[in-house]
Each structure stands twice: as C-alpha cells, then as structure tokens.
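Just below is one structure, and these are the notes that go with it.
Please treat every number below as a calculation from the coordinates, not as lab data. Predicted, not measured: the structure shown is a model, and the values here were computed from it. Heads up, the Cβs are rebuilt from the backbone with ideal geometry, glycines too, and the neighbour counts pull from every protein chain shown.
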Amino acid sequence: MMQTWFESKVKYNKVAQSGNEQMVTENFLLDAVSYTDAETRIIRQMQQSVKGGEFQIVDIKKSRIAEVFPFEAGEWWFKATINLVTVDEEAGKEKKLRAYYLVMADDIQEALDRLAESLSFLVIPYVVSAITVSTIVDVFPYVPGDSLIPEGFVPVKKEENPIFTDGKNPYEEDQE
C-alpha cells in the first residue's frame, strides 16, 4: 500500500534557546489515510509535545513527497527533487518524471550520500535536480498502535454472521 503524506502547519508557543516563549508556526509531515486522520494524528502528537497544550492547526494539505528516508543520526530534513528518465516505447521519446523525497542528514553532502544509498534499488536512471533544507520539523510515520480506540468509545459488536448463528442454518434444524 502506498503511503499518503500530509503536511500540517501548527502554531504554538515554544520556549526559545534564550528561555523566552515565542509564538512559532512549524511544519510537520505525517502518514495518514485522509485529512480527518491527519488532523486526528497531529492533534494527538501536539497534545503530547506542546507545553500547556495550547496550539492551533493552521493548515493541512497533501504532500507531494513520495517517500521518507529517516536515519538515526541527522539534524535536518532535506527535500530532494529527482527526475526519473524513462522511455515511452510507443512514442519513442524520453519521458521525465519528477519525484520528491525527504531524507534526514547533517549537511547537504551527507543528504546526497544517504539519498543515493536509499535509492540504490532503482533500476531507472535518475538525476538529482535539487536538494534543499526542508521546513519540516518532524515526521510522524504511521504506527499501527496509534490507531487505538479513543477512551470512552466502544467498538461496534461484530457478529459472525447475522443469518446463521454458530455457523448453523436454523432452518435446517427445523426440517429434521
């Protein structure tokens, strides 16, 4: 299943390095199935991380990022734009497809190296056309445990089969 990434802008008070609180708007990237799921997940993440719990979701939009390559060591998220070169056999022309990736690294050279390592599975030639420091502060991939039923909600009781009970046809018993 292909991931759908959503970018979310969140405005909240953050303690700066000087110790003063200041209002900031930061971008986050998260894997979700819909806008509603993205909003729910970013709210949960912000409730856990924002001091005082007051924040405002300014924007949520689908991202054009195809894949995220996280690494243990790295301070910045770099957005890489690559052009894949394919040949359209019917028309006999080269076709360029643009794809966006996010990779974690400490500097541009390390980001390029990690991108090449992460894309080593590609058999189609590609060219890195741009790589920049991203405005994304953190990435929240989908974790199955995050989809737990919220407190106070009860799941709908699932019946095995509404027509047959215990796998038996009640009408067959009457005919015996």
Exercise. Round to the nearest 0.05 the FRET efficiency obtained for residue 40 and residue 113 when R0 = 25 Å and r is the Cβ-Cβ distance.
Key: 0.10
Quiz item: Measuring from the lowest to the highest alpha carbon on each principal axis, how far does the stretch 65-135 reach, largest first, in angstroms?
Solution: 45, 23, 18
Exercise. Would you mind computing, in nm to one decimal, how far apart the modelled labels at residue 50 and residue 72 are, each placed 7 Å from Cα along Cα→Cβ?
Key: 3.3 nm
Practice problem: Could you run the Karplus curve 6.51 cos²θ - 1.76 cosθ + 1.60 with θ = phi - 60° over the stretch 58-65 and give me ³J(HN,Hα) per residue in whole Hz, x for Gly and Pro? | Solution: 8, 7, 9, 8, 5, 9, 8, 6
Quiz item: Cross-link list 61/93; 9/79; 14/61; 11/61; 11/62: which exceed 26 angstrom alpha carbon to alpha carbon?
Solution: 61/93
Practice problem: Within the stretch 14-91, list the GluC sites (Glu not before Pro) lying in a DSSP loop whose Cβ has at most 11 other Cβ atoms in a 10 Å radius. | Solution: 54, 72, 75, 89, 90
Practice problem: For residue 20 paired with residue 88, estimate the spin-label separation in nm (one decimal), with each label point 7 Å from Cα along the Cα-to-Cβ line. | Solution: 5.6 nm
Quiz item: What net charge is computed for the residues neighbouring residue 100, neighbours being all others with C-beta under 13 Å from the C-beta of residue 100, Lys and Arg scored +1, Asp and Glu -1?
Solution: +2
